[in-house]
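First comes the structure, then the notes that go with it.
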Amino acid sequence: MNTLSPDLDNGARQAALLTVRQMAEADRLSVVAGVSSFELMSNAGAAVAREIQRRWTPRPLLVLCGPGNNGGDGFVCAYRLAQAGWPVRVAMWGSRAALKGEAGQHAQRWPGEVQALSPAVLEGAELIVDAVFGAGLARALEGQVLDTLAAAGRGTVPIVAVDTPSGVMGDTGESLGAVAAVLTVTFFRKKPGHLLLPGRDLCGEVIVADIGTPEAVLDAIVPQAFENHPGLWLPDLPRAGLDTVAGHPPVVAADATQVLTLHESEFRRMFDFVGDKLTRTRAAAQHGSAVVVHRGSDTVIACPDGRAVIHCSVPSAATGELLGGIIRWLRTQGMPAFPAAAAGVWLHDVAAAEFGPGLLAKEVPHLLPGLLRRLYG
Ligand SMILES: NC(=O)C1=CN([C@@H]2O[C@H](COP(=O)(O)OP(=O)(O)OC[C@H]3O[C@@H](n4cnc5c(N)ncnc54)[C@H](OP(=O)(O)O)[C@@H]3O)[C@@H](O)[C@H]2O)[C@H](O)CC1
Ligand SMILES: [K+]
């Protein structure tokens, strides 16, 4: 079975990225399956507390909470760390009494004072938790939220973001006033905004915590975006490819779909779609009935049917010609266009790291079988 096929097998399941709307659906389906929203929030806040304890010794902690469920996670985190003996303060945008549902229930368990959010509350904090807005971010930051986060961003105190840094759009990675975190703890699966720029840079290290969401919810959601990983495409690579050396190519084209490999400037010359990189690349793939590889340090690989893979890498001087050579080689091994493009982008990174900047497209057939054998373990 092809992993990058509509059937969601294990590789695609693990690498799935969920949109904000799909994540809300995952929560709803979890509740249907018997995991309450209260429990999901308890687990989310506890996961943030646990990741903090793994990295820092107790120190004056300030938790900044917002008016929705992101703030609810913040209250759980504050409560957990206070119970563990940390000196914790909470500041909130909006009023605790106005918090609804499980966020309200968790906030009521916080025994301490809740300060009003303003830059003054930052005084004395040695670690900051940003639980102001997550998936529910609806517009640009302004007023006291913007001023407080901006002041925190100008300082040197590390910031831990709950789900996303407040101000980062989960679906696009766009920033509406966010400041950089050193650590972001998100839940169940990443969202595209954790990988697309500038979101990826603003998140710092990203940890995906299990909060009890049943894996089976993915069958109903059918994710359309994935983080690049060999588990997505290794099953699509015929094992014959591992033994092929130059001069003995089997040359079986699995499909006739064209693969376009474009840098941002080339992309702009060909297409005038607007919006974020994921949306634009999908539109181009659909418009051109081609697999489009939109390169950068957040490369987006889109298929005409709407599926997309996002690949994060450090910027490199490597050429599009080399990437094109790798993808062509994979296709001569019988790989269909979409998995060949995703695999090509991955292998291009690994090859550039292993063989240095001088690697030429014509050397690829000699070098890749060895790399692939290692991936197969
Ligand atoms: N499976 C999971 O991922 C779980 C996630 N959890 C956490 O829940 C949040 C999402 O919670 P939600 O309540 O949907 O959204 P937020 O808390 O991020 O924000 C909503 C409130 O914020 C207001 N808002 C939005 N943008 C702004 C802005 N720029 N300025 C001021 N106010 C803003 C919004 O107001 P509206 O007027 O737009 O309604 C809402 O009041 C997710 O991120 C996780 O942290 C669960 O706890 C566990 C499961
Ligand atoms: K946040």
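Laboratory data are not the source of any read-out in this text; all were calculated from the coordinates shown. The structure displayed is predicted, hence computed values, not measured ones. All Cβ positions, glycine included, derive from the backbone under ideal geometry; neighbour counts span all protein chains shown.
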(request) Can you pull the one-decimal nm distance between simple spin-label points at Glu123 and Asp305, each 7 Å off the Cα toward Cβ? (result) 6.0
(request) Going by C-beta contacts inside 10 Å, put Ile207, Ile310, Ile327 in order with the fewest on the left. (result) Ile207, Ile327, Ile310
(message) Only sites in a loop by DSSP and with at most 13 other Cβ atoms within 10 Å count here; which GluC sites (Glu not before Pro) in region 183-244 make the cut?
(response) Glu215
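Kindly state, to the nearest 0.05, the FRET efficiency for Arg55 paired with Gln286, given R0 = 30 Å and r defined as their beta-carbon distance. The partial results should precede the final answer.
Values: r = 43 Å, r/R0 = 1.42.
Computed FRET efficiency for Arg55 and Gln286 comes out at 0.10.
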(message) With an 8 Å Cα cut-off and a minimum separation of 6 or more residues, compute the relative contact order for the chain in percent.
(response) 15
(request) Mark the label point 7 Å from the Cα of Glu39 along Cα→Cβ and return the residues of region 173-190 whose backbone N is within less than 19 Å of it. (result) 187-189
(request) First measure r as the distance between the Cβ atoms of Asp219 and His263, then evaluate 1/(1 + (r/R0)^6) with R0 = 41 Å and state the FRET efficiency to the nearest 0.05. (result) 0.65
(message) Please arrange Arg331, Arg96 by how many other C-beta atoms lie within 10 Å of their C-beta, fewest to most.
(response) Arg96, Arg331
(message) On a straight-distance basis, which lysines could pair with Lys190 in a cross-link, Cα separation under 26 angstrom, same-chain partners fewer than 8 positions away excluded?
(response) Lys100, Lys277
(request) Enumerate the aspartates and glutamates that Lys362 could reach by cross-link, defined here as Cα to Cα under 15 Å, with residues fewer than 8 away along the same chain left out. (result) Glu321
(message) At q = 0.06 Å⁻¹, what log₁₀ I(q)/I(0) does the chain have when each alpha carbon counts as one equal point scatterer in the Debye sum?
(response) -0.26
(request) Only helical DSSP H runs with n ≥ 4 go in: add -39500 (n - 2.57) per run for the chain, normalise by residue count and round the 222 nm mean residue ellipticity to 500 deg cm²/dmol. (result) -12000 deg cm²/dmol
